[in-house]
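Notes follow once the structure below has been shown.
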Amino acid sequence: MSNPAQRLPPLDLLVSFEAVARRGSITAAAAERFITQSALSRQVQALEAALGVPVFERRHRALALTPAGERLLAATRAAMAQLTEAVNAIRAPVAPAPLALTTTPSFAALWLIPRLAGFTRDHPGVDVRLDASFERRDLQRDGFDLAVRYQPMDGAAGERLFGEALVPVCSPALLRRKPHPLAQPADLVHHTLLQVADPGGTSMPLEWEPWLRQLGQPHLQPVARLTFNSYNEAIAAAVAGHGITLGRRPLIDGLLKKRQLVVPFGEATATARAYFLILAPGAAQRPDAQALAAWLRAQAAVV
């Protein structure tokens, strides 16, 4: 018994035929199909040879369907619609590309991550890939959609989210510790100062010297200093009661609200740096990237 499919013209010829009929031009249809004009002409000729009848009437600078062509076009469009519906129904869903955000480790750990569950809860199905690094990523080359960068305010790129201010912080236990409670800047002489090393100029150094100078204690010498490679480590040491560090607000505001850290004295001093939101060129075409950007703006607005 013969296979009925063997009597049908190849599907590729029918797809090209539908494109020519819809566009009314072999040239336009060839461009749509990404083949040459001569190749598409040969496909139409092959279809007509397989059917034994013409499907187009060649007119001056135009093509018109023959009665056979009109009948074939109606059947082809109905079959293609059925095939499209069936394929879409059975095709495995394609997972969306993760939404990639790069930022500094301190911003990620202290400010972003405690809030991020709110975004994922309100946007189910959006996968976020978080890159916490001091390396300045090239968003387009490295495949990132957004960046939050810690930059000097003069000449900074991007959209400003919020600035920062420095204030001394310590654990509540250290604040009350006898015989040397912390009541004024001069009391720091009896305590350990926690600071961050910045040999490469890429991280966020703690400006103890400028801060002490501003408060009239330029020559203060603490009982000890503990130096860390990252700001997160300095904050962890402060929470553990190992000394006093300069807290960067609003990064540490969550710890202040939980009373894991307290401000023993002093006013917050604004710095010349801020946090800026930068979107990759392709982010405008991604609704999830725009949603994350809007969420970051909203969160920054209540800082």
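Odds and ends about this structure:
- Considering 146, 175, the condition of being of a type in the set (A, V, I, L, M) and at pLDDT below 90 is satisfied by 175 alone.
- For the stretch 206-245, a residue qualifies if it is among the aliphatic types (A, V, I, L, M) and either touching a helix residue (DSSP H, G or I) at 6+ places or on another chain (Cβ under 9 Å) or part of a loop (DSSP other than H, G, I, E, B) (or both), and the qualifying residues are 206, 212, 215, 220, 223, 226, 235, 238, 239, 240, 244.
- Meets criteria (part of a helix (DSSP H, G or I) and not charged (D, E, K, R)) for residue 254: yes
- Residue under evaluation residue 114, criteria (1) in contact (Cβ under 8 Å) with a residue 60 or more places away in the chain; (2) within 23 Å of residue 294 (Cα to Cα); (3) in a loop (DSSP other than H, G, I, E, B), criterion not met: (3)
- Identity of the residue in the stretch 34-91, acidic (Asp, Glu) and within 20 Å of residue 8 (Cα to Cα), that ends up surrounded by the most Cβ atoms within 10 Å (Cβ to Cβ): 48
- Pairs where the first residue, in the stretch 280-292, is basic (Lys, Arg) and the second is surrounded by 12 or more Cβ atoms within 10 Å (Cβ to Cβ), C-beta under 7 Å, 6+ apart: 286/145
- The residues of the stretch 108-148 that are surrounded by fewer than 17 Cβ atoms within 10 Å (Cβ to Cβ) and either small (Gly, Ala, Ser) or outside the structural domain of residue 235 (by TED's automatic domain parsing) (or both), listed by number, are 117, 118, 125, 132, 133, 143.
- Residues in the stretch 174-196 that are part of a strand (DSSP E or B) and either over 12 Å from residue 242 (Cα atoms) or hydrophobic (A, V, I, L, M, F, W, C) (or both): 193, 194, 196.
- Verdict on residue 283 being in the same structural domain as residue 103 (by TED's automatic domain parsing), over 23 Å from the mean Cα position of the chain (by Cα), at pLDDT below 95 and not charged (D, E, K, R): no
- Residue check for residue 220: closer than 21 Å to residue 272 by Cβ and more than 28 Å from the chain's Cα centre (by Cα): no
The values are calculated or read from the model by the stated rules, or taken from the named source; none is laboratory data. A quick note: this is a predicted structure, and the numbers were derived from the prediction, not measured. No Cβ is skipped: glycine too gets one built from the backbone with ideal geometry, and neighbour counts run over all protein chains shown.
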